[in-house]
Every structure is written in C-alpha cells, then in structure tokens.
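Asks: First the structure, which I've put down as structure tokens, then a few questions once you've had a look.
The values are calculated or read from the model by the stated rules, or taken from the named source; none is laboratory data. Nothing here was measured: the structure is a model prediction, and the numbers come from that model. No Cβ is skipped: glycine too gets one built from the backbone with ideal geometry, and neighbour counts run over all protein chains shown. Side chains included, ligands, DNA and RNA excluded: accessible areas come from the protein's heavy atoms. Shrake-Rupley method; radii C 1.70, N 1.55, O 1.52, S 1.80 Å.
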Amino acid sequence: MIIDCHGHYTTAPKALEAWRNRQIAGIKDPAQAPKVAELKIGDDELRESIESNQLKLMKERGCDLTVFSPRASFMAHHIGDFAVSSTWAAICNELCFRVSELFPDNFIGAAMLPQSPGVEPKTCIAELDKCMREYGFVAINLNPDPSGGWWTSPPLTDRWWYPIYEKMVEWDIPAMVHVSTSCNPCFHTTGAHYINADTTAVMQFIQGDLFKDFPTLRFVIPHGGGAAPYHWGRYRGLAQELKKPLLTEQLLKNVFFDTCVYHQPGVDLLTKVIPVDNILFASEMIGAVRGIDPETGHYYDDTKRYVEATGNLSPEDRHKVYEGNARRVYPRLDKALQARGR
C-alpha cells in the first residue's frame, strides 16, 4: 500500500468557509453568530469535493490511503476563545469523519484539537476522546503555537502539555506537530511559520527530557522536518553540548519525519540523513504548493516521484516509507486496515 500520512481537507465546500466567516464576525457582534445547524453540506457535495480533487490525484499518482485532517490554515486557533475553537474543531472533524465514511478505502481521520491561546490543553481532551471513540480517528494534529506566530505557549516538553500526551499514550496515537495561520507579518504562513515550527519542535525535543516521562510517545514532524535534516550536524553538535544522548536515543525513537519536500534534492537529502525507519510517505497534496514545477513538468507536491527516483532507498526501504512505518507509528491505522483485510 501507499499510505499518505499528511492530508488536509483543503477542498471542503464553500459553505464551510462562509459559516466560519459568520462565526468570526459573531465574535464582535453576537447577532451575526451562526448556529451549527445552519451549516448544511450534503453527502453529494462532499463526494464532489473529494472525487474531483484529492481522490482524483491519489488515483493518478498511485496513492491508496490518506490520513485526513481539517485544513491546517483554517484551524486558526488564535481567533476567538475556547468556545469558538471548540465549535469550529467539532465541525471540521465531523466533516473529515463523513469523508472517511463515504470513502472508507481511501481516507481515515486525524483530529484537529480545539486549542486556544493561554487555555490549558486539558480542555481539548473531550474532542480528542470523541474523535477516537466515535469517529475511529488514528492521530491528532497538535499546534505548538496557538497564538498564530507569536509563540506564547510553553515548549512542547513542558508539563503544560502533559494532559494531551497522557491521552496520546492511552489511545496509542501519534501527533503531527502542525501550526496554523500566522497572524505575525514577519512570518509567511506556509513558507516561514510552518517550517519554523517544524524546526523549533525538533530542537525543543532535543533540549527536553519528554521521552523519559513518555517513552512510547510519537510525533511526526511534517514538511520533511523543517530545517532539521539539512542541519543535522548542528543538532547532533548541540545535543552533545547539552550533554544529551545521541540523537538516535534522544530523538529518533519517538520522532518521525514525512516526505512533504517538494523537489528531488530535498528528498535525496532527507533519505540520506534521516534513518529510513523514521521516514513516512506524505504529500500534503492540494496544500501549500499547488503548482507545476517548470523544471520537471510535474506538480511540486507529487512526492511519490521523488521517493521512487532517489537512489538512497532499496525496495525494502521504500516499503517502509510507503507503508510499514505508517502502520508502526499509527497503530490504530494498522488495526483498522487489518480489520478490512488489508
């Protein structure tokens, strides 16, 4: 199987964005706030939004299953308060669940959490539990910066986050570390803020001792790990100066990297620097970079081409990247597939 561990519902029907705009307007003027029941999206609309977009490309590119979560830039945890985020997360997660029900062979859900700046992470537990228990989701997305580019939250290794980690251990799920929209003009959302966050998370995990408290905790760092693989020597050296164990012990038993790197040299570097057991196939298709690369004539986010072309992977290695590692890092996904005879 080809399992894409990083997909977002970026093509949701326009009614979702319209409802969200009304919700945001309602923060200042409660008279404009919509009721949840006013959002009406039928199954036919969902099918059309998927069949003509993600599913079409999955078939063209040879991908079988996508771990599917709400649109990352739409999470916008910095908008409103916890009540706003809670309602919004519930709506977005339900839509991803409905997609997974309509296309059970092709999509399985990962949950957006109702995070809000300054609000304790334990408030997210009810939505997390619901998504695991009722929707059969297999992972969560965790935003290390709900403030939207201002970084007001403690590091991911701080006990502040422990209620989420305890639930991750209980449900045996990984978290993809994924920020949302940047409202800081210094940081472009997808070109800077996303990559900054990926890199920052890696360094926080190196600095802390989180995995002594949670030895089975698992995180996926998206977008190829940000700058970390490119500067792997720097991080090895910093870990050494901090008197930390080797990165194989300090980091790589618990932290994994996806292949959302949009050119061949990038995937070549990733697969040369990072051990194959720590790399998961992903594309984030119809996401941040949707155009065609004039140097190749193919879409930038057609990442399977890069994995196929790199000389750093054997056929056995590619099986790990495409399927084996995802089944190991996402045990609930593996169980769901086995239940379907896959």
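Asks: Rounded to the nearest whole Å², what accessible area per residue is found for the chain with the 1.4 Å probe?
Replies: Accessible area per residue: 42 Å².
Asks: Let me check I have the definition right: for the chain, take the eigenvalues of the Cα gyration tensor, multiply each by 5, take square roots. What are those semi-axes in whole Å, largest first? Mind showing how you got there, number by number?
Replies: Numbers: eigenvalues 170, 122, 75 Å².
Equivalent ellipsoid of the chain: 29, 25, 19 Å, largest first.
Asks: Still on this structure, please answer the following. Take the alpha carbon atoms of region 62-202, find their radius of gyration, then divide it by 2.2 N^0.38 Å using N residues; give the quotient.
Replies: 1.01
Asks: To continue, here is another question. How much of the DSSP bridge set in the chain is antiparallel, in percent, rounded to the nearest 5? List each step's numbers first, then the result.
Replies: Numbers: 1 of 21 bridges.
Antiparallel bridges make up about 5 percent of those DSSP assigns within the chain.
Asks: Additional query: First check a/c for region 129-172, with a ≥ b ≥ c the square roots of the eigenvalues of its C-alpha gyration tensor; if it is under 1.5, answer rounded, and if not, answer prolate when a/b is larger than b/c or oblate otherwise.
Replies: oblate
Asks: Within 10 Å, count the other beta carbons around each residue, average over each peptide in 52-63, 90-101, and list them highest first. List each step's numbers first, then the result.
Replies: Working: 52-63: 16.5, 90-101: 21.0.
Put in order of decreasing packing, that is 90-101, 52-63.
Asks: If packing is taken as the average number of other Cβ atoms within 10 Å across a peptide's residues, how do 8-17, 249-258 rank, most packed first? Kindly include the intermediate steps, with their values, before the conclusion.
Replies: Values: 8-17: 18.5, 249-258: 20.9.
In descending order of packing, they fall as 249-258, 8-17.
Asks: Here is a further query. Assuming 1.567 mPa s and 4 °C, estimate D for region 144-282 with Stokes-Einstein, Rh taken as the Kirkwood radius over Cα pairs, in µm²/s.
Replies: Stokes-Einstein gives a translational diffusion coefficient of 84 µm²/s.
Asks: Ok, one more. Working from the pairwise distances between different alpha carbons, so that the mean of 1/r is found and then inverted, what is region 19-65's Kirkwood radius in Å?
Replies: Kirkwood hydrodynamic radius for region 19-65: 13.1 Å.
Asks: Contact order normalised by length for the chain, with contacts defined as Cα pairs under 8 Å and 6 or more residues apart; what percent is it?
Replies: So the answer I get is 16 percent.
Asks: Residue separation times 0.36 nm, minus the C-alpha to C-alpha distance between LYS56 and LYS14: what's the value? Please list the in-between numbers first.
Replies: Details: separation 42, 0.36 × 42 = 15.12 nm, distance 1.93 nm.
Stretched out fully, the LYS56 to LYS14 stretch lengthens by 13.2 nm.
Asks: Based on DSSP H assignment, which helices of the chain show an axial Cα extent of at least 18 Å together with a mean Kyte-Doolittle hydropathy greater than or equal to -0.5?
Replies: 82-102, 194-207
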